[in-house]
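Written out below as structure tokens is the structure these notes cover.
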Amino acid sequence: MSTLSHAVDSPRVPVISDAFASSRVNTALLVLGGALFTALMAQITIPMEPVPMTGQTLAVVLVGSALGARRGMAALLLYALMGLMLPVYADGNSGPDVIWGASGGYIIGFIFAAYAVGWLAEHGTDRKFVTAFLSFVVGQLIIFAFGLAGLKLALDMSWADTIYHGFTVFILGGLVKAAVGALLMPAAWKIAGKRQQGESG
């Protein structure tokens, strides 16, 4: 974690969306795009053991990293609000019952995880695989913290059952998604860098 601590101590650096947030309209479009991207990824399910892996939490860390703390948080807040009326939650679910149900804590956790990952990205963690991976793990742990609390309240299970069904069975998928995100963000920065070099040349 010393690598991540070093990144946190560094000053704020641009996130990948800063180049496009030149006006309030553009910022609003970035936030809307982040919410819609999360909605799309929430419908993706990959079969694996012991539970299927969805694209939802991968979208959360990518949106937070790409948009930064405030815009990322706003995007996931918008996503959560959209789901009250539109079928944008996982498996096309929607409505207040989802927020008050077993999945609600995770959705609330998305908002805070996006902020945390975005803040870390603003300190350069999304530029290299190791720091990106660690920051995405932090983001997923935040999601699980909120998710477990919501699951416990909704189903009134024992803490042992809550942790097993709400966290343990998702560990492998969470690590896979953190690794995928940690590959994508540095690659995106390399593409952006080459594009800037091409434009300046």
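Only the coordinates and a few stated rules stand behind these numbers; no lab work does. Predicted, not measured: the structure shown is a model, and the values here were computed from it. Every residue, glycine among them, receives a Cβ derived from its backbone with ideal geometry; neighbour counts consider all protein chains shown.
Matching residues to (1) surrounded by 19 or more Cβ atoms within 10 Å (Cβ to Cβ); (2) over 18 Å from L58 (Cβ atoms):
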{"position": "G124", "(1), (2)": "yes, yes"}
{"position": "R127", "(1), (2)": "no, yes"}
{"position": "F133", "(1), (2)": "yes, no"}
{"position": "F144", "(1), (2)": "yes, no"}
{"position": "L151", "(1), (2)": "yes, yes"}
(message) Condition first: buried (at least 16 other Cβ atoms within 10 Å of the Cβ) and either touching a strand residue (DSSP E or B) at 6+ places or on another chain (Cβ under 7 Å) or not in a helix (DSSP H, G or I) (or both). Now tell me which residues in segment 158-176 satisfy that.
(response) F167, G173
(message) Residue pairs, Cβ under 9 Å, 6 or more apart or interchain, first in segment 18-41 and under 20 Å from W119 (Cα atoms), second part of a helix (DSSP H, G or I) and of a type in the set (D, E, K, R). List them.
(response) A21/R71; T27/R71; L30/R71; V31/R71; G34/R71
(message) Residues that are in contact with an Asp or Glu (Cβ under 6 Å, 6 or more places away or on another chain), assigned to a loop (DSSP other than H, G, I, E, B) and either of a type in the set (G, A, S) or under 15 Å from G174 (Cβ atoms) (or both): does segment 48-60 have at least one?
(response) no
(request) Kindly indicate whether M185 is over 17 Å from L76 (Cα atoms), in contact (Cβ under 8 Å) with a residue 60 or more places away in the chain and not charged (D, E, K, R). (result) yes
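Could you grab me the full set of residues in segment 35-52 that are closer than 20 Å to G104 by Cβ and either surrounded by 15 or more Cβ atoms within 10 Å (Cβ to Cβ) or of a type in the set (A, V, I, L, M) (or both)?
Selection gives A35, T38, A39, M41, A42, Q43, V51.
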